[in-house]
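What follows is one structure encoded as structure tokens, with my remarks underneath.
The values are calculated or read from the model by the stated rules, or taken from the named source; none is laboratory data. Just so we're clear, the structure is a prediction, and the values are computed from it rather than from any experiment. Positions of Cβ are backbone-derived with ideal geometry, glycine not excepted, and every protein chain shown enters the neighbour counts. To get the accessible areas, we keep the full protein, side chains included, count just its heavy atoms, and leave off ligands, DNA and RNA. Shrake-Rupley method; radii C 1.70, N 1.55, O 1.52, S 1.80 Å.
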Amino acid sequence: MRDLMSLAERKEIISLAGGFPDTASFPREVFEDVTSAIAGEHLASALQYGPTEGSRELRERIVQIMAHERATATADEIMITTGGQQGINLSVGTFVDPGEAVIAEGPTYPGAVPVFTTHEAHVVHIPVDEDGMRVELVEPTLDRLAAEGRPVKLLYTIPNFHNPAGVTMSEERRRMLIDIAHRRELMIVEDNPYGQVRFDGEPLPSLYELDNGEGWVIYVSTFSKILSPGLRVGWVAAPPPVLRQMNLGKQAGDLCTGTFDQRFILEYMRRYDWRDHVARLNQIYRKRRDALLTALEEEFPATATWTRPRGGLFVWATLPKMIDTKDLLPRALDRDVAFVPGGAAFLDGTGANNMRLNFSQNPPDVITEGVRRLGEVIREMMEIYEDLGGGR
Ligand SMILES: Cc1ncc(COP(=O)(O)O)c(C=O)c1O
């Protein structure tokens, strides 16, 4: 999978595979202004080690970002991490010993899969529908696993504009999930990188907010999708005892998040309104999402289905059962187009006939051409199966 994905980096390939935000739209003059302010006023500290928990002023600014996501926190509840990825890794590392159970959506974030496998978690998937994780299945799953002697340590969820499924958890389900967490003493990791990448509608209350200070939610987010993933800055908000353990884990991992990266974000936020850039990105992404959905209507077989996300970066497509997208990928790469096969988003071997398609990285005409090529290889593969006798 990694080998195939590195092929997808080739220049001639139309990649619908990555989760890359459009960094080209970040204004050059803003970049120059921010970096020259750092050079003029903060050179020594921007090149120096910093505290493990991160810059205090940046944490205070993060409090304001979280308020836009209907999540109330104080700077003391926040630790800056090296991307949201480190927040997920520290959450799992803090709670999960080898063989212990974790619940996650099926599909789940492909980048969380190596985190779970590194910590030897036993991952149990809960399916999603258009209202996100099917929370009514969580308690029966807890009961089943308890009966098997496998108490669940964590539940990992991406409630907003799920990667890869593109769906958002309804408010009713959020309330149900928090009720379960409180009654069953279940720790929840709420991963929210896409809450601001919203094309319409208003934010729903976060799980962190609905927990109401009871201490059963770790909130993970990032500047990757609202500013830059090259600046490796994310954060966690967590109850103080959990945060202390995560701080120890981070000391072991990297001592502190890059101080230049933190400084860049801070100086940017001091001078500019980050919401303007997010609004600009969302306008670009909305057009690209529309181009992808239109191309899918025109190019994919009538038997395929896909999600229609109202935010985030991905569409999740389901192809006829006969098609294994892992086998489709090398054929697609031969035509210079890439996607993520669905199996990468599961730890139980399912998802073979699914694919994740990204719409943030390419302009509309390139997306249209990419989907045209994909449609061609899918049709060819379906013909081969039909010639072989309908995939029997
Ligand atoms: C659901 C989810 N969580 C976490 C991340 C990690 O992002 P980063 O480490 O760049 O903050 C991503 C990136 O694509 C993601 O999609």
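The stretch between residue 47 and residue 139, if pulled fully straight at 0.36 nm per residue, gains 28.2 nm over its current Cα-Cα span. Structure remark: mean-square fluctuation, Gaussian network model of the chain, C-alpha springs under 10 Å; the largest value among 336, 33, 290 belongs to 33. Taking the chain as the region of interest, the number of lysine pairs whose Cα atoms are within less than 25 Å, with members eight or more places apart or on different chains, is 6. Roughly what % of DSSP beta bridges within segment 110-254 run antiparallel, to the nearest 5? Given both bridge residues lie in segment 110-254, the antiparallel proportion sits at roughly 45 percent. A simple rule links phi to the HN-Hα coupling: the Karplus curve 6.51 cos²θ - 1.76 cosθ + 1.60 with θ = phi - 60°, which for segment 117-123 gives 6, 4, 8, 6, 6, 9, 8 Hz, with x for Gly and Pro.
Computed on the chain, with alpha-carbon pairs under 8 angstrom and 6+ residues apart, the relative contact order is 24 percent. Across 104, 73, 146, mean-square fluctuation computed from a Gaussian network of the chain (C-alpha pairs under 10 Å connected) peaks at 146. Counting only protein heavy atoms and a 1.4 Å probe, segment 235-392 has 44 square angstrom of accessible area per residue. The packing ranking, built from the mean of other Cβ atoms within 10 Å per residue, places the peptides 263-269, 292-298 in the order 263-269, 292-298, highest first.
Whole-Hz Karplus values for segment 321-326 come out as 3, 5, 8, 9, 5, 5 Hz, taken residue by residue from phi with 6.51 cos²θ - 1.76 cosθ + 1.60 and θ = phi - 60°; glycine and proline positions read x. Each eigenvalue of the Cα gyration tensor of segment 224-344, multiplied by 5 and square-rooted, gives one semi-axis; in descending order these are 37, 22, 14 Å. Per residue, the accessible area of segment 137-225 comes to 35 Å², computed with a 1.4 Å probe over protein heavy atoms only. Have a look at the DSSP beta bridges in the chain and tell me what percent are antiparallel, nearest 5. About 50 percent, rounded to the nearest 5.
Computed in the context of the full set of protein chains, the accessible area of the chain at 1.4 Å probe radius has 51% of its extent on carbon or sulfur.
From the alpha carbon centroid of segment 73-149 to that of segment 198-269 is 16 Å. Remark: the chain is approximated by an ellipsoid whose semi-axes, taken from the C-alpha gyration tensor as √(5λ), come to 34, 28, 18 Å, largest first. Among 170, 36, 206, the largest mean-square fluctuation in a Gaussian network model of the chain (Cα springs under 10 Å) belongs to 36. When you restrict to C-alpha pairs under 8 Å that are six or more residues apart and normalise by the size of segment 260-370, the relative contact order lands at 28 percent. Rounded to the nearest 500, the helix-only mean residue ellipticity at 222 nm of the chain stands at -13500 deg cm²/dmol, with each DSSP H run of n ≥ 4 adding -39,500 (n - 2.57).
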